[in-house]
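Each remark here refers to the structure printed beneath this line.
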Amino acid sequence: MCANHSDDLLTREEITLENLLQGNKDFVERTLDEDPNYFEKLSAGQKPPVLWIGCSDSRVPADKITNTMPGDIFVTRNIANVVTHTDISMLSVLDYSVNVLKIKHIIVCGHYGCGGVAAAHGNKQVGLIDNWLRNIKDVYRFNQQEVDGLPEDQKIDRLVELNAIHSANNVISTSIVQNAWANGQELSVHAWVYSLKTGLINDLKSTFSAADEMDPVFKMSI
């Protein structure tokens, strides 16, 4: 095993199934050298304070860009970090994280340069994913005047931000979050965007911590 961790990392050209398995062994060896009890502690259970709803893009790993450890962030990802009320997978993750793990923060994080958002802004047919991206076209339709009024090089970035904000609003309008608030649970929902160019996260200052902060049309009688 190399002493320098960066020297151990596979290049893209080196990625094969065999090298991935060897990489796993190197990871275990290096980790146990640093902390002999690491995996014993990790296997004891998880109590993350954060749920991360992010994009499937391979360049946006939640733990790495926030400098956190395994077990710190519960994660669900999909193309372009879309939150819809018909996505049973996302709703199951949301329900488990809120009602079982008792997380305190839900972060919807998009990223600038998102290919899904760019595709939704255009009219080129991509495939099955077009049906998924239809949700982002609605975000564009609701905000078309603002987006179209921007310089060309800013339109997609702004749509990325609006999509994250829209998805955060969809999170708080679920019965899962509203019931948690009604029961006095401490829970906040945030919209963020990550920059691939700088590595920095942009907090969009769109945070919700109570039902009174949401659009009344979505507020349920509990």
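The values are calculated or read from the model by the stated rules, or taken from the named source; none is laboratory data. All values reported here derive from a predicted model rather than from experimental measurement. No Cβ is skipped: glycine too gets one built from the backbone with ideal geometry, and neighbour counts run over all protein chains shown. Just the protein is used for accessible areas: all its heavy atoms, side chains included, with ligands, DNA and RNA removed. Shrake-Rupley method; radii C 1.70, N 1.55, O 1.52, S 1.80 Å.
List of remarks:
- Using 0.36 nm per residue and subtracting the Cα-Cα separation, the extra length available between residue 92 and residue 196 on full extension is 34.5 nm.
- Against the compact-protein benchmark of 2.2 N^0.38 Å, the Cα-based radius of gyration of the chain scales to 1.15.
- Among 121-132, 191-202, 137-148, 172-183, sorting by the average number of other beta carbon atoms lying within 10 angstrom of each residue, highest first, gives 172-183, 191-202, 137-148, 121-132.
- Expressed as a whole percent, the accessible surface of the range 97-172 that belongs to carbon and sulfur atoms is 50, based on a 1.4 Å probe.
- Residue-averaged 222 nm ellipticity for the chain, from DSSP H runs of 4+ at -39500 (n - 2.57), nearest 500: -13000 deg cm²/dmol
- Summarising the label geometry, the points placed 7 Å from Cα in the beta-carbon direction at residue 129 and residue 56 lie 0.8 nm from one another.
- Annotation: average projected area of the range 2-98 is 8.0 square nanometres, based on the convex hull of Cα atoms across all directions.
- With Cα atoms defining each centre, the range 96-163 and the range 45-86 are spaced 16 Å apart in the structure.
- Its relative contact order, with pairs defined as Cα atoms under 8 Å and 6+ residues apart, puts the range 4-84 at 26 percent.
- With protein chains left intact and a 1.4 Å probe, residues in the chain average 59 Å² of accessible area per residue.
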